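Novice: Below: one structure in structure tokens.
The values are calculated or read from the model by the stated rules, or taken from the named source; none is laboratory data. In this text, all values refer to a predicted model and were calculated from it rather than measured experimentally. Every residue, glycine as well, gets a Cβ built from its backbone with ideal geometry; the counts of neighbours run over all protein chains shown. For the accessible areas, the whole protein counts, side chains as well, though only heavy atoms, and no ligand, DNA or RNA atoms are used. Shrake-Rupley method; radii C 1.70, N 1.55, O 1.52, S 1.80 Å.
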Amino acid sequence: DVKVTQSSRYLVKRTGEKVFLECVQDMDHENMFWYRQDPGLGLRLIYFSYDVKMKEKGDIPEGYSVSREKKERFSLILESASTNQTSMYLCASSLRTGGYNSPLHFGNGTRLTVT
Amino acid sequence: KQEVTQIPAALSVPEGENLVLNCSFTDSAIYNLQWFRQDPGKGLTSLLLIQSSQREQTSGRLNASLDKSSGRSTLYIAASQPGDSATYLCAVPLPQGGSEKLVFGKGTKLTVNP
């Protein structure tokens, strides 16, 4: 079974802090994604990476950056956390299939609260 | 722009009932559609992926169909159980050729009452 592991289930951070959310997958997937999920807004894509050191902005990249130095690890960075970044953050991975898509596998999420 | 809609937003049924969840999308130029389940406070679990050539996919008591021409998919759950209570989301790829990114519906929250 594919396993996507997010390093923290819950995080509480202060406004202005730099925050790192870590995600690791164990199935050699090329694609990795960061989403945030908010009530009423659904899932929104923050960043997507299709290979090591490669990244694409999603729908809401402002205030975030990402790092993918190794294939199995994809990090989301909040440069200066703000209260409007309080949310559930979900990491996901899939095989790169050129658009035909393989199933998307999610981690259990990180509930981030910024105070 | 691809938009995905799931109606109703919430559904409550008695145990044992067969039920259908709906998903519609605006751009029919998709290769496939995925259905996911999400338990409260957890990530999403992939249930079924239907390729456009398949039209239908089954897993246990779940059956998903895809009608690209009408921009619709349904997820049929047979003999529902309280353990089926969760939010069910559908997702389709962006219509640009070769896109690996998905657009998600907001989900249908299903409650199965014992």
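Novice: When only residues in segment B:20-36 that are open to solvent by 50 Å² or more (accessible area, probe 1.4 Å) and part of a strand (DSSP E or B) count, which is nearest to A:R111 (Cα to Cα)?
Specialist: Among those residues, the one meeting the criterion is B:N22.
Novice: Scan segment B:1-19 for residues that are within 21 Å of A:G42 (Cα to Cα), modelled with pLDDT of 95 or more, of a type in the set (V, I, T) and surrounded by fewer than 17 Cβ atoms within 10 Å (Cβ to Cβ) and jot them down.
Specialist: B:T5
Novice: Conditions first: (1) touching an Asp or Glu at 6+ places or on another chain (Cβ under 9 Å); (2) more than 17 Å from A:G42 (Cβ to Cβ). B:V103 passes all but one, so which condition is the exception?
Specialist: Going through the list (1) touching an Asp or Glu at 6+ places or on another chain (Cβ under 9 Å); (2) more than 17 Å from A:G42 (Cβ to Cβ), B:V103 breaks only (2).
Novice: Mind checking which strands (runs of 3 or more DSSP E) fall wholly inside segment B:39-112 and carry at least 1 residues that are within 16 Å of B:L11 (Cα to Cα)? Steps first, please.
Specialist: Details: elements: B:44-51, B:56-59, B:62-67, B:72-77, B:86-93, B:102-104.
Counting at least 1 such residues, we get B:72-77, B:86-93.
Novice: Quick one: B:R61 ticks every box in (1) under 12 Å from the mean Cα position of the chain (by Cα); (2) free of Cβ contacts under 8 Å to residues at least 40 places away in the same chain bar one, so which box is it?
Specialist: Failed condition: (1).
Novice: Search segment B:67-85 for residues being closer than 17 Å to B:G105 by Cβ and open to solvent by 10 Å² or more (accessible area, probe 1.4 Å), and hand back the single one that is nearest to the other protein chains (Cβ to nearest Cβ). Break it down stepwise before answering.
Specialist: So in segment B:67-85, the residues closer than 17 Å to B:G105 by Cβ come out as B:67-68, B:70-77.
Still in the running and open to solvent by 10 Å² or more (accessible area, probe 1.4 Å): B:67-68, B:70, B:72, B:74, B:76.
Numbers: B:D67: 18, B:K68: 14, B:S70: 21, B:R72: 19, B:T74: 19, B:Y76: 19 Å.
Once the filter is applied, the top-ranked residue is B:K68.
Novice: Can you pull out the residues in segment A:73-95 that are within 14 Å of A:F33 (Cβ to Cβ) and not in a strand (DSSP E or B)?
Specialist: Hit for segment A:73-95 is A:L95, nothing else.
Novice: Kindly evaluate B:Q34 against the criterion of being within 21 Å of A:D59 (Cβ to Cβ), facing chain A (nearest Cβ under 9 Å) and polar (S, T, N, Q). Break it down into steps so the answer makes sense when it comes.
Specialist: Details: within 21 Å of A:D59 (Cβ to Cβ): yes; facing chain A (nearest Cβ under 9 Å): yes; polar (S, T, N, Q): yes.
Taking the combined requirement at face value, the residue satisfies it.
Novice: Pick out the one residue from A:V4, A:V24 that is of a type in the set (V, I, T), closer than 18 Å to B:G43 by Cβ, touching a Ser or Thr at 6+ places or on another chain (Cβ under 8 Å) and open to solvent by 30 Å² or more (accessible area, probe 1.4 Å).
Specialist: Working: A:V4 fails: open to solvent by 30 Å² or more (accessible area, probe 1.4 Å).
So the residue among A:V4, A:V24 that is of a type in the set (V, I, T), closer than 18 Å to B:G43 by Cβ, touching a Ser or Thr at 6+ places or on another chain (Cβ under 8 Å) and open to solvent by 30 Å² or more (accessible area, probe 1.4 Å) is A:V24.
Novice: Would you point out the residue of segment A:96-107, among those that are within 14 Å of the chain's Cα centre (by Cα) and either part of a loop (DSSP other than H, G, I, E, B) or among the polar types (S, T, N, Q) (or both), that is nearest to B:S52 (Cα to Cα)?
Specialist: Here is the first cut: in segment A:96-107, the residues within 14 Å of the chain's Cα centre (by Cα) are A:104-107.
Checking the rest, the ones that are also either part of a loop (DSSP other than H, G, I, E, B) or among the polar types (S, T, N, Q) (or both) come to A:104, A:107.
Details: A:L104: 17, A:G107: 27 Å.
Among those that are within 14 Å of the chain's Cα centre (by Cα) and either part of a loop (DSSP other than H, G, I, E, B) or among the polar types (S, T, N, Q) (or both), it is A:L104.
Novice: So in segment A:59-115, with the set limited to residues that are β-branched (V, I, T) and closer than 16 Å to A:F20 by Cβ, which one is nearest to the other protein chains (Cβ to nearest Cβ)?
Specialist: The initial filter retains those residues of segment A:59-115 that are β-branched (V, I, T), namely A:60, A:66, A:77, A:83, A:86, A:97, A:110, A:113-115.
Filter again for closer than 16 Å to A:F20 by Cβ, leaving A:66, A:77, A:110, A:113-114.
Details: A:V66: 14, A:I77: 20, A:T110: 10, A:T113: 14, A:V114: 18 Å.
Checked segment A:59-115; the qualifying residue nearest to the other protein chains (Cβ to nearest Cβ) is A:T110.
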